[in-house]
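Everything on this sheet refers to the single structure shown next.
Read-outs throughout are calculated quantities, based only on the coordinates presented, and are distinct from any laboratory measurement. Fair warning: this is a prediction, and the values are worked out from it, not measured in the lab. Backbone-built Cβ (ideal geometry, glycine too); neighbour counts: all protein chains shown.
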Amino acid sequence: MWINLLTAALFAVFAFIFAYGKDRAVCRLIAGFNDFSPQKQAEYDTRAMALDYRNLMLKLTAVFLIAAVLVRITDHPLLITLAAYVILLILVFRDFHLDPYKAFEPYRKENSVRQ
């Protein structure tokens, strides 16, 4: 139960950082984006990226909070914790791309639907 609560707290802290941090600064936490030159980073909608990553962190916080509750009320704590980590892997790697340009393509300013 404690590992699930600790993991949920970690994702909650990251959600707070992505929600209230300066967009360009928090986007440096996103793997691959910080490798772009400042000119290339200017081509992307950092606000949309920060909001999407905030939402991902909030989803992961919810997953681990639910797992902590289920661990407390069931007899299968290891199974529930493993299921929570499988969900984490699914949520994180569903938009995974080896090519960073393809990974951040939805956030290009000319392609962005969020203004």
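Results, tabulated for the structure shown:
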item: Modelled label reach - Tyr85, point 7 Å along Cα→Cβ, region 1-34 residues with backbone N closer than 20 Å; result: 1-12
item: Relative contact order of the chain, defined on C-alpha pairs under 8 angstrom at six or more residues apart (%); result: 36 percent
item: Whichever lysines have a C-alpha closer than 22 Å to that of Lys59, once near sequence neighbours (fewer than 8 apart) are set aside; result: Lys22
item: FRET E, pair His97, His76, Förster distance 30 Å, beta-carbon r, rounded to 0.05; result: 0.30
item: 18 Å tail of the calculated P(r), the chain, as % of Cα pairs; result: 56 percent
item: Neighbourhood net charge (14 Å Cβ-Cβ; Lys/Arg +1, Asp/Glu -1) for Ile66; result: +2
